[in-house]
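A short reminder: the numbers here are calculations on the coordinates, not readings from a lab. Here the structure is a predicted model, which is why all the values come from computation and not from measurement. Quick reminder, even Gly has a Cβ in these numbers, built from the backbone with ideal geometry, and neighbours come from all protein chains shown.
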Amino acid sequence: MDINNKNIVITGASSGIGLSLLKMFLDYKDVKIIAVARHIETIPLVEGVVYPFSADLSNEKGVDSLFDYARSVFGKIDIFIANAGYAYLEKLSTPDWKHIEDIFALNVFSPIYSLEKFVRENTSNPKSFVCTISAVAQVSLPYYSLYCSTKAALHQFIEGYRYESPANLHITAVYPVATRTSFFEKAAKEKQPPVPFFSQSSETVAKAIVRGLEKDKKRVYPSFLFRIFNLLGQNFPFIFSLYSASEKRKVDNNLHF
């Protein structure tokens with residue numbers, strides 16, 4: 001897809017991958033971008049180009065308000081990037097329904113509902129839906145069990161939905177490895193957790209997403225090393241087990257779970 005002259009929505013746009021994407025899209029001609037986050041203070045203001053929008057996307061009302069706003073600004077959306085999400089770094093011990101529900105609401109229900117809304121928009125023009133999933137959809141990280149499960153659910157939904165999606169919709173699934181942002185500190189409630197191996201910058205991920213959009217890729221793996229590792233692990237599953245055990249030791253040694 002040619003990104004020039006497109007109307008774009010980015011969720012999770014105040015930091016990390018979302019903010020890096022926003023900055024890269026500014027290099028394209030005549031784009032309009034709705035940059036969505038709960039806290040929008042860090043989103044750059046570019047008159048007539050960037051439209052910061054504050055919303056809680058973990059519920060139906062928040063997503064509906066985003067689409068209503070996009071309709072008033074754009075008329076139609078060409079590219080929707082479902083990037084918002086978060087993790088818990090924890091040792092599960094106490095049963096807590098709301099704790100589970102909260103992370104699934106933002107990481108799984110919100111992008112699925114957003115895709116349904118995006119498809120329902122009454123336009124026949126080609127459009128792209130980009131979904132930031134994660135490498136942990138395929139390789140588990142101990143103490144991130146709930147986060148891994150949300151990404152695995154999203155991965156399977158996208159893979160299944162491809163077979164029933166309309167002809168004018170292109171879906172790009174993105175599988176970043178650990179991204180060097182404040183993501184992990186927030187997951188650990190401001191402690192200093194070890195960053196999983198492999199890792200990369202948010203700019204690297206954003207560049208891969210932009211290339212994937214331009215080339216209409218179905219899947220984007222920003223880390224070349226992870227692509228090799230994933231291929232090996234699918235053929236020799238013990239590699240994944242060794243990796244997960246190694247990551248568990250790193251967290252045990254640093255945070256003493």
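Annotation: amide H-H contacts under 5 Å for residue 88 (H modelled 1.01 Å from N, sequence separation of 5 or more, or interchain): 147. Students often get this wrong, so check it: of 6/61; 76/117; 151/189; 91/191; 151/248; 127/215, which have C-alpha atoms separated by over 22 Å? Among 6/61; 76/117; 151/189; 91/191; 151/248; 127/215, the Cα-Cα distance tops 22 Å for 6/61. Sketch the reach of a paramagnetic label on residue 214 as a point 7 Å from Cα along Cα-to-Cβ, and name the residues of region 117-152 whose backbone nitrogen lies under 16 Å away. Counting only backbone N, you get no residues. Of all the options 147, 51, 161, the one that moves most in a Gaussian network model of the chain with Cα springs shorter than 10 angstrom is 161. In the chain, a dipole from Cβ-located charges (positive for Lys and Arg, negative for Asp and Glu) runs towards its positive end, and of 155, 13, 111 it is 155 whose Cα lies farthest in that direction. The GNM of the chain, with springs linking C-alpha atoms under 10 angstrom apart, assigns the highest mean-square fluctuation among 184, 118, 224 to 224. Couplings 3J(HN,Hα) of region 247-257, computed from phi: 5, 4, 4, 4, 5, 4, 6, 8, 10, 6, 5 Hz, in residue order, whole Hz [Karplus 6.51 cos²θ - 1.76 cosθ + 1.60, θ = phi - 60°; x for Gly and Pro]. So I have [x] 35; [y] 39; [z] 46, and one of them is percent of Cα pairs over 27 Å apart calculated from this model. Which one is it? Read-out from the structure maps to [x]. Full extension of the chain segment joining residue 164 with residue 225 gains 18.8 nm, where the gain is 0.36 nm per residue of separation less the Cα-Cα distance. Charge dipole of region 1-83 (Cα centre as origin; +1 on each Lys and Arg Cβ, -1 on each Asp and Glu Cβ, all else neutral): 60 debye, rounded to the nearest 20.
Comparing 29, 217, 127 in a Gaussian network model of the chain (Cα springs below 10 Å), the most mobile by mean-square fluctuation is 29.
Site pair residue 26 and residue 92 shows an inter-label distance of 4.1 nm when each label is modelled 7 Å from Cα along Cα→Cβ.
Post the alpha-carbon centroid distance, region 1-46 to region 173-214, in whole angstrom. Each part reduced to its Cα centre gives a spacing of 17 Å.
Using θ = phi - 60° in the Karplus curve 6.51 cos²θ - 1.76 cosθ + 1.60, the 3J(HN,Hα) couplings for region 111-116 round to x, 5, 5, 4, 5, 4 Hz; x is entered for Gly and Pro. Using a/c under 1.5 as the rounded threshold, could you call region 12-83 rounded, prolate or oblate? The axes a ≥ b ≥ c are square roots of the C-alpha gyration tensor eigenvalues, and prolate needs a/b larger than b/c, oblate otherwise. Oblate. Bridging of residue 23 to aspartates and glutamates at a Cα separation below 12 Å is possible for 203, once same-chain residues fewer than 8 apart are set aside. For labels at residue 207 and residue 238 in the simple 7 Å Cα→Cβ model, what's the distance in nm? Inter-label distance under the simple model: 3.7 nm.
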